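Some notes on the structure that comes next.
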């Protein structure tokens, strides 16, 4: 098996963006963090040297395209872009590939802002110790940032003609946008219900991703983890509202 | 002139990472936002269509390497990586290039966390309207996150043998780390004074970047803008402390 994914067990989190890209591409992988546990994950990461990943998730590729041995790669946007270039779902021209990478980094930014809605003050504090700040941060996120990001993705998709960001062929941006929308639906169901009608191209893309054979099989499998209150996308009812 | 940089006038901000890469590479550019002003910048961005940048800075390259016309590219890490590949300061092997891109994204993450120290609750609010939350966020940043990120960069640099992240040749990671350290010194002078002795490889890299002919000329020019309280790196004395 060429790929080992290392990520925290027990939550979909940022690792899920990598899983979806691998599943959509039909690439088998060992889900090492889930298999070996959090302590083994930290030991593996700390045992690496040189330029190593700052944090999970990271991917170990034991079969690089040029036969050049083993590669360890961190940062979600970077991992899925690497996989996309290797397995041909990165766009078919150089300018388009650059545009897709740019969109992938926009997704990274929105994911970080989702995390900040429940952890605005400190990663090391529990949510319960920063609830008031979280309420303020989430209100701005719902009112200003969600429509701004979703408008941006909708506009880019609409220009492509659909259903995917490059048109007829799916790319790493589509699987990541799919997971972002799944997570937003889980975390902010009232707000997403109010916004849904504004984003027909996103809805079409999302259905098309769910229907990709690799994704459909994955979503129906026990490998797909449910969202919970340990990950990026958490449902705290007090942080959600229609407006 | 092949390059047009669009960024907010009046602050170094995220645009400065792009300027430093261009200056170090000896590539001339038109600093369009500074020349034309914020309103012209917003008009230019909103007038673009398709997959467009989410926010400034973005770079317009009117002379793509393959003669393929004009390219518009957003996201700081993506812009400087693009420039590095085009002008040969991206590392000389594929695995190293991937490692440098990964580090560049780690820098992006730390820059976002710096911004959150003065804007933890909402981008749209003034600092004065979120000072208490900022004090809590900054305390965690100084105590936990600064050493964690700086340890990470120091370890990567130490493995390279120095002075730069690839050894003898500078890369886009070095110019970005240089600017990150400049900004941290401005925003958190007490904390950085306390930490400085722990990071000899970062100090050596920083001096080596400052001595690059293109960077030295830039720093001595009137194009180099001073930090101020409008950008990413802001000096609010109440957010700084030795510990």
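The numbers here are math on the coordinates, done by the rules we state, and not lab data. Nothing here was measured: the structure is a model prediction, and the numbers come from that model. Note that each Cβ is placed from the backbone with ideal geometry, even for glycine, and that neighbours are counted across all protein chains shown.
With its label point defined 7 Å out from Cα along the Cα-to-Cβ axis, residue B:229 lies at 3.9 nm from the matching points of the other copies, in increasing order. Considering every Cα-Cα pair within chain B, what fraction, in whole percent, is farther apart than 26 Å? Result: 39 percent of Cα pairs exceed 26 Å.
For peptide A:158-165, the mean count of partner chain Cβ atoms within 10 Å of a residue's Cβ comes to 1.
In nanometers and ordered shortest first, the copy-to-copy spacing of the residue A:155 label point, defined 7 Å from Cα toward Cβ, is 4.1. Among the residues of A:145-151, the average count of other protein chain beta-carbon atoms within 10 Å of the residue beta-carbon is 1.
Sketch the reach of a paramagnetic label on residue B:236 as a point 7 Å from Cα along Cα-to-Cβ, and name the residues of the range B:162-186 whose backbone nitrogen lies under 20 Å away. Only B:183-186 pass the distance filter. Shown for residue A:63: label points 7 Å from Cα along the beta-carbon vector, and their distances to the equivalent points in the other copies, 4.4 nm in ascending order.
With distances taken between every two different alpha-carbon atoms, the range A:143-243 has a Kirkwood hydrodynamic radius of 14.3 Å.
The gain in end-to-end length when the residue B:135 to residue B:88 segment is fully stretched comes to 12.7 nm, 0.36 nm per residue minus the alpha carbon separation. Treating r as the C-beta distance of residue B:223 and residue B:112 and R0 as 41 Å, the FRET efficiency rounds to 0.95. The mean number of Cβ atoms from other chains found within 10 Å of a Cβ in peptide A:131-140 is 3, as a whole number.
Separation of the range B:23-61 and the range A:1-64, taken as the distance between their Cα centroids, equals 37 angstrom.
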